[in-house]
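The values are calculated or read from the model by the stated rules, or taken from the named source; none is laboratory data. If you're wondering where the values come from, they're calculated on a predicted model, not measured in any experiment. Here Cβ is always computed from backbone atoms with ideal geometry, including for glycine, and neighbour counts include all displayed protein chains.
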Amino acid sequence: MKYAAITDIFHLDLIGDKSYLLALAHLCRHEKYVDFYKNRPKDSYLILDNSLIELGSAVSLDFIYKTADTVSANEIVLPDSFLNTEETISLVEKSLPYIDKRYKVQAVSQGDTFEDWQRCWDHFSAISEIDCISIPKNTYLLGGRNKCMDYALANNKNNKEIHLLGLWRSNDEILSYTEEQKLRIRGIDTVFSFHCTIDSLKLSEVVDRPSSKIDLEKNNKIEIDLYRFNENIFRGTVA
């Protein structure tokens, strides 16, 4: 399982491994943010996210594609709706006629019950234009993301790639995965290590998500050594 680290726009230089990256569409209005991702190593893989969690609603498909062109993304995340199966399916279906084949396509499986989430997964897994289906961190609220991941791995007859969007509560989720599960999941992105560092927390001691709200457009004060400590722990857990 690969890992895409997320920091605020002032600490992008702390992202050591640039082979697998995720950029947030709404932050691409900042020149330094665009420059960082556009000038990444040629063999790195960049996902452009629709910023649903950060903005409360996803940016438009038109904005996603214009931004993807600006940062030379490899993959885009189609618009989705938080915990809403019907609206997410509708947003994806409306996007399909406008798919730009220069980019791989990721759809987010959403639902406010496990059954609705399953239905969303099954719907997307049958769509040929979709390359990757992501399981968002909010599935923790449906009885745990592990439950959704088990279903996805057992019901993936079209071999869609699987990405984990974010981390809800703590590193314990990743520790609970088997080696086989980690091999079958393409990757995960999260700001968790950076968020813990802002709150002066050691990742090894965190049992619940940081209580503060993070602002990725702010120059957050952090202890660099603590961030590196947290990153080493998380990368070791994911590997």
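Observations
- Residues (part of a helix (DSSP H, G or I), under 19 Å from Asn138 (Cα atoms) and at pLDDT 95 or above) located in segment 53-91: Thr85, Glu86, Glu87, Thr88, Ile89, Leu91
- Any hit, segment 200-220, residues being modelled with pLDDT of 95 or more, farther than 26 Å from Ala25 by Cα and of a type in the set (Ser, Thr, Tyr): yes
- Test: Asn156 is polar (S, T, N, Q), closer than 30 Å to Tyr103 by Cα, in contact with a strand residue (DSSP E or B) (Cβ under 9 Å, 6 or more places away or on another chain) and assigned to a loop (DSSP other than H, G, I, E, B): yes
- Residue in segment 164-184 that is closer than 26 Å to Pro79 by Cβ, in contact with a His (Cβ under 7 Å, 6 or more places away or on another chain), of a type outside the set (Gly, Ala, Ser) and not in a helix (DSSP H, G or I) present: no
- Residue pairs whose Cβ atoms lie under 8 Å apart, separated by 6 or more positions or on different chains, with the first residue in segment 75-98 and small (Gly, Ala, Ser) and the second in a helix (DSSP H, G or I), are Ser81/Leu52; Ser81/Glu87; Ser81/Thr88; Ser81/Leu91; Ser95/Leu61.
- Scope segment 44-55; condition touching a Phe, Trp or Tyr at 6+ places or on another chain (Cβ under 9 Å) and either on the phi > 0 side of the Ramachandran plot or surrounded by 20 or more Cβ atoms within 10 Å (Cβ to Cβ) (or both); matching residues: Leu46, Ile47, Leu48, Asn50, Leu52
- Any hit, segment 56-73, residues being touching a residue at least 40 places away in the same chain (Cβ under 8 Å), among the small types (Gly, Ala, Ser) and surrounded by 15 or more Cβ atoms within 10 Å (Cβ to Cβ): yes
- When residues of segment 14-43 are limited to those that are of a type in the set (D, E, K, R) and either surrounded by fewer than 17 Cβ atoms within 10 Å (Cβ to Cβ) or assigned to a strand (DSSP E or B) (or both), the one nearest to the chain's Cα centre (by Cα): Asp17
- Checked against the criterion of being closer than 14 Å to Asp49 by Cβ and modelled with pLDDT of 95 or more, the candidates Ala126, Ala152, Ala107 yield just one match: Ala107.
- Candidates in segment 115-133 are the residues that are among the acidic types (Asp, Glu) and in a helix (DSSP H, G or I); of these, the one that is surrounded by the most Cβ atoms within 10 Å (Cβ to Cβ) is Asp116.
- Taking the conditions (1) at pLDDT 95 or above; (2) within 25 Å of Thr7 (Cα to Cα); (3) out of contact with any strand residue (DSSP E or B) (no Cβ under 9 Å at 6 or more places or on another chain) in turn, Asp172 satisfies each one other than (1).
- Residue check, Leu48 among the hydrophobic types (A, V, I, L, M, F, W, C), assigned to a strand (DSSP E or B), in contact with a helix residue (DSSP H, G or I) (Cβ under 6 Å, 6 or more places away or on another chain) and at pLDDT 95 or above: yes
- Residues in segment 188-239 that are of a type in the set (Gly, Ala, Ser) and either closer than 11 Å to Ala5 by Cβ or not in a loop (DSSP other than H, G, I, E, B) (or both): 3 in all.
- Residue list for segment 169-216, restricted to those being among the acidic types (Asp, Glu), under 18 Å from Tyr140 (Cβ atoms) and over 17 Å from the mean Cα position of the chain (by Cα): Asp172, Asp208
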